[in-house]
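Engineer: I'd like to ask you about the structure that follows.
Throughout, read-outs are computed from the coordinates displayed, never taken from laboratory work. The shown structure was predicted, so the numbers you read here are calculated from the model rather than taken from an experiment. In this analysis, Cβ positions are derived from the backbone assuming ideal geometry, glycine residues included, and neighbour counts consider all displayed protein chains.
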Amino acid sequence: MNITDRQRAILGAIVEQHAEIAAPVGSVTLAKLFGVSSATIRSEMAKLEEMGLIAAPHTSAGRIPTDKGYRSYVNGITDAQMSELPSGVDRSARAIEAHVNSYKDKGDRAIRSAVDSLVELTGNLGFATIGTQLYMNGIGNLFSQPEFMEGHHVQAIARLLDNIEPWLREAAPNQPLNVYIGSENPIGKSSGATLIISKFRSPFSDKSYIGVIGPTRQNYARTMQLVRRTGAMLEDVL
């Protein structure tokens, strides 16, 4: 079943609204947004559900995106969108740059300060490889997300964090920007977490990594832009 432009737009709105409110998104909200009737939205949502792109949590009339829905949305974020930073993202990127530049003679400090800035600006957990070390910050951010209050999620996330370093060495993600959503995660498949990772060259290694881990409910365009920009910036500065 092919997705129409309107269905893609509705899926995008569900992803973005859900990221904002951490609750299922209902047809009334979307009807107001698109200026059409709730019935029209409900019929489009039924089709999105048939395609496996959204789902209804058992307690709610609203819908949330599935991992497949998030993947479709992320694949639709174009290179043009990635390179054109809205002013808020640009300000954040410049703030990271200022921190990184103040440590440009101290590679490890520069990388740590980049991670700390990403943690602050995205509300996710941040990590980076510094030689054979893994630097991590923002675990409190991760576990304060409503998704990760439940026991089995916490265990799956802990497994993910325990194994991130050996996995990075083994998998060596090769793109400047790599996004693993929910069940696509190589470890902690059931954790409901997303990894957004940038590869960059540093004095420590040709394959250094910086990235964030957060819920699948994520402001993807902004976080992807910031992680990508931070990787490129570290490569320039170091």
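Engineer: Expected output is a single nm value to one decimal: the length gained when fully extending between Asp90 and Thr132, i.e. 0.36 nm times separation in residues minus the C-alpha distance. What is it?
Structural biologist: My answer for the length gained is 12.0 nm.
Engineer: Can you tell me the orientation of helix 107-122 relative to the chain, as the angle in degrees between its alpha-carbon axis and the longest Cα principal axis, to the nearest 10?
Structural biologist: For 107-122 against the chain, the angle is about 20 degrees.
Engineer: With a cut-off of 8 Å between alpha carbons and a minimum separation of six or more residues, what is the relative contact order of the chain in percent? Intermediate values should be presented prior to the final figure.
Structural biologist: Numbers: 364 pairs, mean separation 43.5, N = 238.
Computed over the chain, the figure is 18 percent.
Engineer: Starting with the fewest neighbours, write out Thr59, Thr4, Thr29 ranked by other beta-carbon atoms found within 10 Å of each beta-carbon.
Structural biologist: Numbers: Thr59 7, Thr4 11, Thr29 17.
Ascending Cβ contact count within 10 Å gives the list Thr59, Thr4, Thr29.
Engineer: Roughly what angle does helix 151-171 make with the longest principal axis of the chain, taking Cα atoms, 0 to 90 degrees, to the nearest 10?
Structural biologist: For 151-171 against the chain, the angle is about 50 degrees.
Engineer: Could you check the simple spin-label distance between Asp116 and Ala171, using points 7 Å along Cα→Cβ, in nm with one decimal?
Structural biologist: Between Asp116 and Ala171, the simple spin-label model gives 2.8 nm.
Engineer: Going by alpha carbons, how many degrees (0 to 90, nearest 10) lie between the helix axis of 5-21 and the longest principal axis of the chain?
Structural biologist: 60 degrees
Engineer: Something else about it: Say each of Asn2 and Ile21 gets a label point 7 Å from the Cα, pointing the same way as Cα to Cβ; how far apart are those two points in nm?
Structural biologist: Between Asn2 and Ile21, the simple spin-label model gives 3.2 nm.
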